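Nothing in this text is a laboratory measurement; each read-out follows from the coordinates by a stated rule. Keep in mind the model is a prediction, meaning the values are calculated, not measured. No Cβ is skipped: glycine too gets one built from the backbone with ideal geometry, and neighbour counts run over all protein chains shown.
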Amino acid sequence: MDSLLVNVSKYASSDKKAPIENFITEAFAWLLKNDIEVTQKVLNLIEHKLAHKVPLSEFEKVEIDTQVNFSGVYPDMMLTFEHHDLHLVFEHKVWSELHENQLDNYRNYATTNFKDHRIVLITAISSQHQQDYDVALCWSEIADAIKSIKASEDKTQWLREEFIALLKDNGLLDITPINPLVLSYYKEALLLDGQLLNIGRASLNRNWYLSTLEDQFFICSDKVRNAWGRIGIEFITSTSLSEEAAWAPAIFCGFIKDGSDHLVEELMPRGPIAALVMSISSSLHKQVRHELSYSSLVEELSSKLRNQSLWKLSDRTKEKEYNPWHPLIIYCDVSKLYENTNSTIEQEQIFEEHMDQLQRWLVECPSFESFCKAMKTKSEISS
C-alpha cells in the first residue's frame, strides 16, 4: 500500500531542496493516487493550459511517481499514461527559484528517452514561472481546482481539505502580489496619516454650519479623532461622557483610510475616501430602519446629490452586512477631491468648503430636524 509518511521519510536533508517542497510534492502525489476526481480535475487544468492540446482527461490509467532519476537530476513528479507514449514531468517550487538550466536538464533527458513529454511547473507565484516549460501553474490554481469538486464521501473531502490546509499554512493561497508602482510611492504613503490629521486640525476653528444651528444641537469636537480607520472631526449632540447621549446622532466629517471597521471596503477601490458619516449610539441601531424620517432623509439627500457628480450617498442599512453604528455615508475618492490641487493650503480650503456644503445639504433636508429630534428622544428614553 502506498504510504505518505513512508515516502516522506525517504528524503535526506539537502541544501538544494527545501523540506517543505518535498513534503508538498509527496502529499500532492499521494492525493492524486488516492483521489481519481482530483487527478481528473488537475489533468483538465493542465490540458486547458497546453498550447498544443492533448486529451489528457480522456486517458484512462495514469501512473504517478516522485523523484524519478533522470541521469542524476530528479524532477519532483512524473505522470505516465498507460497505452500512451506521453510523460508529464513536474517541478514544484514553494518559495525558491529554479536552478540554472533545471528545466532544460529535464527536457534533454525526456527528449532522449520518451517519445512525447510535457514539462509542468507549479510555483507559489507567477513571477517564478521561468525557463522553458510547457505549462506553468500556481499552487492556488491547484487548490481552486480541488475546491471545485463536490465530495462524494467524508474521507475524500477530508483528504482534499488537509492538502489545501497544507498549502494555506505555507502561505501559498490568497497571495497578494506587491505592485511595483506602489513601491515608488511607499515613503509618501507613510506620510498620509499625518497629512490628513493636519487637514483636520486646520479646520477645528472654522465656524462650521452644523455648529450654528439653533439650540446648539451639534457641538464640534475640540480635537481631531483618529480611530476606527477614520481621521476627522465629530459633531456630537451632547458633551456628556455617555456615548448614548453624544451619538444621537453624531456627524463625522473627514477621511476614511481603512474601511474594515465601517464595513465600507467596496466604497474604496481607489483608496481613502473623504466622507460625512452619520453615527448613532447602540440603543438606536434597531430603530433607524423603522424610523420614517430616516427613509425620507435618505430620499431627500439622494435628490440633492443628483445634480453633481463628485459626492455619492450610501445607505448602509440596505446592505446585507453593515456596521449599525454608521448607517449613512456621503463620500468621494480623496484622489478626485484633490486631483487639481498643488498645496496643503489649497487642500485644507477644499476640505472645509466641501464639508461645509455637505452639512448644508444635510440640514436643508426637511426630514433632518425631525430625524434628529426622534433619535434624541429615543436615546433619552433608553438611557
| task | Would you mind calculating the gained length between Ile350 and Lys223 on full extension (0.36 nm times residue separation, minus the Cα-Cα distance), in nm to one decimal? | result | 43.7 nm
| note | Distance in nm between Ser127 and Leu292 label points, each 7 Å along Cα→Cβ, equals 6.0 nm
| request: Pop the C-beta distance of Glu60 and Ala151 into the FRET formula with R0 = 22 Å and round what comes out to the nearest 0.05. | output: 0.45
| remark: Evaluated at 10 °C and 1.306 mPa s, the Stokes-Einstein D of the chain based on the Kirkwood radius over Cα pairs, in µm²/s, stands at 62 µm²/s
| Descending principal axes extents, segment 4-169, alpha-carbon based, whole Å | 43, 37, 31
| query | What is the extension gain from Asp258 to Val182, computed as 0.36 nm multiplied by their sequence separation minus the C-alpha to C-alpha distance, in nm to one decimal? | reply | 25.7 nm
| request: Can you give me the three principal axis dimensions of segment 180-382 from its C-alpha atoms, in Å, biggest first? | output: 54, 37, 35
| request: Just need the Rg to Rh number for segment 58-105, please, alpha carbons only, Kirkwood Rh. | output: 1.03
| note | The local net charge around Arg118, scoring Lys/Arg +1 and Asp/Glu -1 for residues other than Arg118 whose Cβ lies under 13 Å from its Cβ, equals -2
| query | Once the piece of chain linking Ser370 and Ala189 is laid out straight, how much longer is it, given 0.36 nm per residue of separation minus the C-alpha distance between them? | reply | 61.0 nm
| Sites Glu321 and Ala165 - FRET efficiency at Förster radius 35 Å, r taken between beta-carbons, to 0.05 | 0.85
| Taking the Cα atoms only, what angle lies between the long axis of helix 19-34 and the longest principal axis of the chain, rounded to 10 degrees? | 80 degrees
| request: Take the alpha-carbon centre of segment 299-333, take the same for segment 248-288, and report the distance between them in whole Å. | output: 10 Å
| remark: Largest-first semi-axes in Å of the equivalent ellipsoid built from the Cα gyration tensor of segment 166-296 are 34, 21, 12
| note | Taking a crude spin-label model, label points 7 Å out from Cα along the C-beta direction, the Asn108 to Arg270 distance in nm is 5.4 nm
| message | Can you give me the distance in nm between label points at Asp144 and Leu305, each placed 7 Å from the Cα along the Cα-to-Cβ direction? | response | 3.3 nm
